[in-house]
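Inspection log for the structure reproduced underneath, given as structure tokens.
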Amino acid sequence: MKNYQVAVVGSGPSGASAAFHLAKAGLSVVILEKEKLPRYKVCGGGFVYRGRKEMPFDISEVVDLECNAIDIYMGRDLHFKTKRKEPIVSLVMRDTFDELMVRNAKALGVEVIQNCKVKSLHKVEDLTAIETSSGLLYSNYIIAADGVYSQVAKMAGWKEDTRTLIPALEYEIHVPTSDFERLSKEIRFDIDAIPSGYGWCFPKKNHLSVGVAAL
């Protein structure tokens, strides 16, 4: 019988971080990930400097670009620019960034089971039996880090939807070299690019992450 003190469902930044710190504290931890790593995820991938400073390990190997400047446009007439000595935002791709976090968790003894989808949860005395596509395991505690649509939270009885939904569109795009040179030097926000919303452009190593959100 496989028994862990904590089972973390989901290997994104929240799940991998939880697993890392729990293992560092000496607990036995398993990460259950329904996909195979590394897994692609559309994301702006902007990591602010104050957050990067708090990371317990170096992430330099997965940083695509460092941005020391941010442009903010408000309509046709207003333009604000912020510059800092230190990078304001480090740009990462989520597949490599998430995999790095999981790798560091594994180095502390965290077990990672991939292609492992949670099917059901059942209380067994002081433990929870977790039925997965890879078999049955037991845990004292479960962390539902499987995203905003968390199926594990629903299995555990969290039925109320407390989310505030904000519609957004995001794409990773390749543009002509001249446009990439022009847009890859800084992060850009266009306030009111759409009614009651904004647009953004986050440069990566060889493409742009762009999107719009309506508030």
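The values are calculated or read from the model by the stated rules, or taken from the named source; none is laboratory data. Remember, predicted model here, so these are calculated numbers, not experimental data. Glycine also receives a Cβ, built like all others from the backbone with ideal geometry; neighbour counts cover every protein chain displayed.
If we keep just the residues of segment 75-114 that are among the polar types (S, T, N, Q) and in contact with a strand residue (DSSP E or B) (Cβ under 8 Å, 6 or more places away or on another chain), which is nearest to PRO195 (Cα to Cα)? Top of the filtered list is THR82. Taking the criterion of being of a type in the set (D, E, K, R) and surrounded by 12 or more Cβ atoms within 10 Å (Cβ to Cβ), the only residue of segment 75-93 that qualifies is ARG84. How about segment 17-74: which of its residues are under 30 Å from VAL118 (Cα atoms), surrounded by fewer than 15 Cβ atoms within 10 Å (Cβ to Cβ) and small (Gly, Ala, Ser)? Within segment 17-74, ALA25, GLY26 meet the criteria. Comparison of LEU136, LEU127, LEU215 shows that the only residue that is in contact (Cβ under 8 Å) with a residue 40 or more places away in the chain, among the aliphatic types (A, V, I, L, M), more than 24 Å from SER90 (Cα to Cα) and outside the structural domain of SER28 (by TED's automatic domain parsing) is LEU215.
With respect to the conditions (1) touching a helix residue (DSSP H, G or I) at 6+ places or on another chain (Cβ under 7 Å); (2) in a strand (DSSP E or B), LEU136 falls short on a single one, namely (1). The strands (runs of 3 or more DSSP E) found wholly in segment 1-95 and carrying at least 2 residues that are hydrophobic (A, V, I, L, M, F, W, C), farther than 19 Å from HIS207 by Cα and out of contact with any helix residue (DSSP H, G or I) (no Cβ under 7 Å at 6 or more places or on another chain) occupy 29-32, 69-74, 78-83. Any residue that is within 21 Å of CYS43 (Cβ to Cβ), small (Gly, Ala, Ser) and surrounded by fewer than 19 Cβ atoms within 10 Å (Cβ to Cβ) - is there at least one of those in segment 137-145? Looking through segment 137-145, none of the residues is within 21 Å of CYS43 (Cβ to Cβ), small (Gly, Ala, Ser) and surrounded by fewer than 19 Cβ atoms within 10 Å (Cβ to Cβ).
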